[in-house]
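Input: a single structure, listed below in structure tokens.
The values are calculated or read from the model by the stated rules, or taken from the named source; none is laboratory data. Values in this document were obtained by computation on a predicted structure and should not be read as measured data. Note that we place each Cβ from the backbone using ideal geometry, even for glycine, and neighbour counts take in every protein chain shown. Just the protein is used for accessible areas: all its heavy atoms, side chains included, with ligands, DNA and RNA removed. Shrake-Rupley method; radii C 1.70, N 1.55, O 1.52, S 1.80 Å.
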Amino acid sequence: RNQPQLKAAMRPGVIKGPKYDVNSPSWQALQRVATLCNNSRFVLTDADDEDRPPLNLKEEVETPDFNLLGLQCTGDASESALIKCVQLLRDVEEYHKANPKLHEIKFNSTNKWQLSIHKPEDPSAKNPFMVFKGAPERVINRCTKILIDGEAVPLTDEWRKKYQDAYESLGAMGERVLGFAMRNLENIPMDYAFTNKPEPNFPTDNLTFVGLISLIDPPREGVPEAVAKCKRARIKVYMVTGDHPITALAISKQVGIIDQDMWDAGRAIVVKGDDIRDWMEIEDPEERQAKWDWALDHEQIVFARVSPAHKLLIVENCQRRGENVAVTGDGVNDAPALKKANTGIAMGISGKDVSKEAADMILMDDNFASIVNGIEEGRVIFDNLKKSIAYTLASKFPEQIPFLLFVVISFPAAISTILILSIDLGCDMLPAISLAYEPKEADIMDRPPRNPDVERLVSRRLISFSYFQIGLIQTCAGFLAFMTVFNDYGYQWGNMIGRGITWETGPLWCRPQVGGTGLWAADCEFGCAEPQDTYNGIPTLYSQATDENKFCKYGCPTPFNGTADPFVESTQYGFRGWHENVFGGDKDKATEAVCGRTCAWWNGLGTDLKAEFFAANDEYVRRLNAGVVDFDNPFNYEGSEYALYLSREEDRLFGEYCSQPNADQYGFPGREMLNEGERARQGSYYWWNGQVQFFPNLESQKNVLYTGQTAYFAAVVIARTADLLICKTRKESLFTQGLRNRILNAGFCTMILFVCLVSYVPPFRIVWTTRPLYVLYMFIGVPYAMFIFVYDEIRKMIIRAYPRGWVFRNTYW
């Protein structure tokens with residue numbers, strides 16, 4: 001790191017093994033080539049402090065606490081390492097000033113060598129000299145001599161073998177090896193006009209080989225671990241380098257790109273740039289493609305001594321095989337490959353601007369491990385997006401089914417629109433967002449790369465899982481809560497089909513039945529509509545009443561036992577019943593006989609028809625007093641349809657009212673049935689609060705609906721808490737994943753809190769049209785939540801045990 005350390009290290013016995021002699025002519029020649037055939041320089045100024053004077057390097061290296069290796073340099077890593085190696089022997093700047101550069105051919109990926117021509121520092125010298133540096137095999141091929149103990153001797157086969165052994169031994173250790181050569185340019189004057197365009201006008205062969213220098217370029221920390229992680233994730237890592245195949249193989253083994261067992265089994269290969277050149281000379285496209293397929297069929301591949309143009313060919317052939325290719329590059333010549341790749345990654349520190357513009361992303365720290373970390377993070381993001389979508393979609397089934405039943409079979413809406421919005425915007429918002437913060441699953445990098453054409457964010461399996469598995473269970477939880485509420489208030493599910501549209505506009509009429517559990521309702525339908533304010537342009541008596549005193553608005557009270565009201569739609573024995581056959585099939589007359597009873601209607605009845613009505617009513621009363629009437633079906637005998645249209649008492653009352661001067665104002669002219677498709681049965685009574693009633697109570701009926709909707713909402717949300725937990729993982733058990741996501745934990749709590757607020761806090765109940773729930777109703781969804789959790793844990797356990805089994809193929813989303 002400094003001169004004192006160098007002097008101490010050079011003392012006898014300090015360094016074990018051979019060391020170079022700085023006074024050796026051969027070493028001095030190697031030092032000269034390494035110093036002069038080099039464009040790297042030390043950065044001696046402080047970019048952050050322009051007023052600070054430049055560093056005096058010659059003085060600083062004499063201090064024992066100075067660290068030469070820590071200085072920044074211009075140029076690439078290899079040239080920087082070389083000037084740090086020779087600086088302590090002679091100042092690099094001083095060396096360059098003493099040997100001015102006359103001409104230079106810079107390194108390029110095609111030649112793989114660099115040369116420069118200098119004027120000797122010896123003032124008596126008449127000719128310039130050339131220094132040459134590059135890939136050892138390229139350098140040695142231009143040499144005819146080798147420098148031994150300061151003398152140039154012929155480069156015989158014996159020396160070539162020694163060179164090859166040294167080269168292979170250094171390369172096998174994973175070290176980057178450079179070859180160095182020189183030549184005195186005899187017969188060329190100092191003022192010669194050197195040029196290399198189109199071809200050099202000076203000799204570049206018959207060089208004297210002066211030696212090898214190996215550079216230790218260890219893999220960055222974390223790279224072997226990153227490569228191992230890629231292998232677990234079934235990501236192929238190809239090493240594409242300009243290094244010698246021996247060096248490339250050694251480095252690839254160090255970082256794990258090639259495993260020894262794979263190499264021994266013939267499943268790993270090192271492809272040389274010369275091999276690719278030979279393939280490209282094959283005229284038959286199929287034969288050329290077969291060569292590429294043969295190489296790419298190997299599981300582990302290293303490409304050595306290749307050019308940037310070869311990198312483009314590698315990308316194209318991998319893509320031809322359906323691979324998704326990501327390529328890294330930093331040079332101008334890497335731009336085509338970066339542009340062609342599915343994902344081009346340019347180096348942020350060492351990359352040229354052209355490569356950065358051609359790339360899709362820029363790697364700010366030039367570290368391969370960061371790419372793998374990015375892949376892992378991308379998988380986590382994709383995973384969490386799927387989790388959020390799976391959780392969100394599961395609520396759509398329990399939200400849509402109630403409205404589908406409402407439209408198709410007129411089943412009362414189990415959930416209101418505002419409660420649906422409450423699930424989507426109130427309960428689900430924070431939990432759905434919180435899944436984006438879910439930590440990665442333990443197996444995230446053990447999964448193979450997904451097929452983007454098949455495994456999309458919203459797939460068939462995800463829809464099946466969210467809609468028809470979890471969504472269906474949540475729907476069952478909601479309907480159980482909804483039907484439990486209705487059942488507790490005396491409404492069976494069979495009485496609710498077809499009643500949804502008019503549930504909130506008219507009271508139900510039901511026929512009481514006696515069963516094992518006591519009195520219950522059957523055959524529930526709707527009675528008469530609200531009376532009209534005018535009829536044929538004439539105001540009715542109903543129109544003269546105030547809103548508070550609108551009699552019979554939702555139905556007229558049923559007369560108590562022993563009483564009668566001839567104008568209402570029921571008697572003390574229940575609803576009169578709608579029978580068009582009584583009136584010769586005339587539906588309007590049948591409706592008028594029940595809902596539109598007036599003095600005009602009574603006056604229009606013939607004597608014979610009245611007599612039939614009286615006889616039928618007398619027969620029904622006789623049968624009732626005799627105890628021969630079936631309580632569950634009292635009108636199951638012939639002629640019973642006439643029984644409740646007109647009794648003798650009602651006929652007497654008609655006579656009294658209709659003989660008065662204002663007789664035309666009595667009754668309900670033009671009144672219709674509330675629901676033509678669901679007309680109340682003969683003998684029905686008002687039914688609410690689980691028992692027979694004699695007057696309508698539409699508010700009670702609405703409250704039952706609102707309570708049921710609140711219970712449905714609560715049960716679905718409770719079941720969705722389990723859905724939130726199971727969506728934390730796609731394959732791992734929740735017990736493995738844990739509850740580390742604090743935002744999700746908060747979202748879990750907000751769901752329960754929101755249900756309580758909507759159900760029990762008066763201001764919320766007014767806005768959301770909900771009703772307070774009995775505690776038992778609140779817990780109806782708990783068994784379903786437990787079932788969802790257990791079901792999903794078993795499903796994931798089967799998937800882990802049988803990774804390619806039926807459950808995986810059909811339920812792994």
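Before moving on, here are some points about what is shown:
- Short-range pairs are left out: with C-alpha atoms under 8 Å and at least six residues apart, the relative contact order of the range 512-630 is 13 percent.
- Pairs of Cα atoms in the chain fall into 20 Å distance bins, from 0 up to the last occupied one, in shares of 12, 26, 19, 15, 12, 9, 5, 0 percent.
- The length gained by stretching the chain between ARG90 and LYS589 to full extension, at 0.36 nm per residue less their Cα-Cα distance, is 167.2 nm.
- The relative contact order of the chain, computed from alpha carbon pairs under 8 Å that lie at least 6 residues apart in sequence, is 10 percent.
- With both labels modelled 7 Å from their Cα along Cα-to-Cβ, the ARG623 to ALA172 distance reads 11.3 nm.
- Counting only DSSP beta bridges whose two residues both lie in the chain, roughly 70 percent are antiparallel.
- Distance in nm between pseudo-label sites at ASP297 and ASP453 (7 Å out along the Cβ direction from Cα): 2.2
- Accessible area per residue in Å² at 1.4 Å probe, computed on the chain: 49
- Helix-only arithmetic for the chain: the sum of -39500 (n - 2.57) across DSSP H runs with n ≥ 4, divided by the residue total, places the mean residue ellipticity at 222 nm at -12500 deg cm²/dmol.
- Cβ-derived FRET efficiency at R0 56 Å, GLN492 paired with ASP365, nearest 0.05: 0.20
- Options ALA193, GLY171, THR208, ranked by Cα towards positive dipole end of the range 155-210, top entry (Cβ charges): GLY171
- Neighbour net charge for SER640 - beta-carbon separation under 10 angstrom, K R +1, D E -1: -2
- FRET efficiency for THR563 and THR769, using Cβ-Cβ distance with R0 set to 41 Å, rounded to 0.05: 0.65
- Signed unit charges on C-beta, dipole axis of the range 366-525, positive-most listed residue PHE382, GLN469, SER422: GLN469
- This model, with +1 at the C-beta of Lys and Arg and -1 at the C-beta of Asp and Glu, gives the chain a dipole about its Cα centre of some 2180 debye.
- Backbone N under 16 Å from the ILE798 label point (7 Å along Cα→Cβ), restricted to the range 367-397: none
- Measuring r between the beta carbons of GLU649 and ASN342 and using R0 = 60 Å, the FRET efficiency lands at 0.05.
- Set of aspartates and glutamates with alpha-carbon distance to LYS339 below 17 Å, sequence-local pairs under 8 removed: GLU316, GLU323, ASP330, ASP353, GLU357, ASP360
- The range 1-66 and the range 538-580 have Cα centres lying 114 Å from one another.
- Those residues of the range 45-75 whose amide nitrogen sits under 14 Å from the label point placed on ILE349, 7 Å along Cα→Cβ: 70-75
- Relative contact order of the range 158-283, taken over Cα pairs closer than 8 Å and 6 or more residues apart, is 29 percent.
- Within straight-line cross-link reach of LYS610, lysines at Cα separation under 23 Å, skipping those fewer than 8 residues along the same chain: LYS587, LYS589
- Relative packing of peptides 323-330, 115-122, 60-67 - highest average C-beta neighbours within 10 Å first: 323-330, 115-122, 60-67
- Reachable aspartates and glutamates from LYS58, criterion Cα separation under 16 angstrom, eight or more residues apart if same chain: ASP91, GLU93, GLU94
- Coil-residue GluC sites (Glu not before Pro) of the range 646-711, DSSP, other Cβ within 10 Å capped at 13: GLU676
- Judged by the mean number of other Cβ atoms found within 10 Å, the most tightly packed of the peptides 280-290, 170-180 leads the ranking 170-180, 280-290.
- Maximal additional length on extending the ASP278-ASN23 stretch stands at 87.2 nm, based on 0.36 nm per residue less the C-alpha distance.
- Computed label-point distance, nm, for sites VAL43 and LEU776 using a 7 Å Cα→Cβ extension: 7.8
- Computed lengthening from LEU541 to ALA746, 0.36 nm per intervening residue step minus Cα-Cα distance: 67.7 nm
- Electrostatic dipole magnitude of the range 436-539 [Cβ: Lys, Arg +1; Asp, Glu -1; Cα centre; debye, to 20]: 360
- Cα-Cα over 32 Å, subset of LYS236/LYS352; LYS340/LYS396; LYS145/LYS197; LYS291/LYS796: LYS340/LYS396; LYS291/LYS796
- Accessible carbon and sulfur surface of the range 504-577 relative to its total accessible area, %, 1.4 Å: 52
- Links that overshoot a 31 Å alpha carbon limit, given the list LYS7/LYS106; LYS84/LYS119; LYS162/LYS311; LYS387/LYS702: LYS7/LYS106; LYS162/LYS311; LYS387/LYS702
- Highest to lowest packing among 681-690, 418-427, scored as the average C-beta count within 10 Å: 681-690, 418-427
- Think of the chain as a dipole: +1 on every Lys or Arg Cβ, -1 on every Asp or Glu Cβ, centred on the Cα centre; then among ASN703, GLY577, ILE752, ILE752 lies furthest on the positive end.
- Free-standing Cys residues across the chain, given no other cysteine C-beta under 4.7 angstrom: CYS37, CYS73, CYS85, CYS143, CYS230, CYS318, CYS427, CYS476, CYS727, CYS749, CYS756
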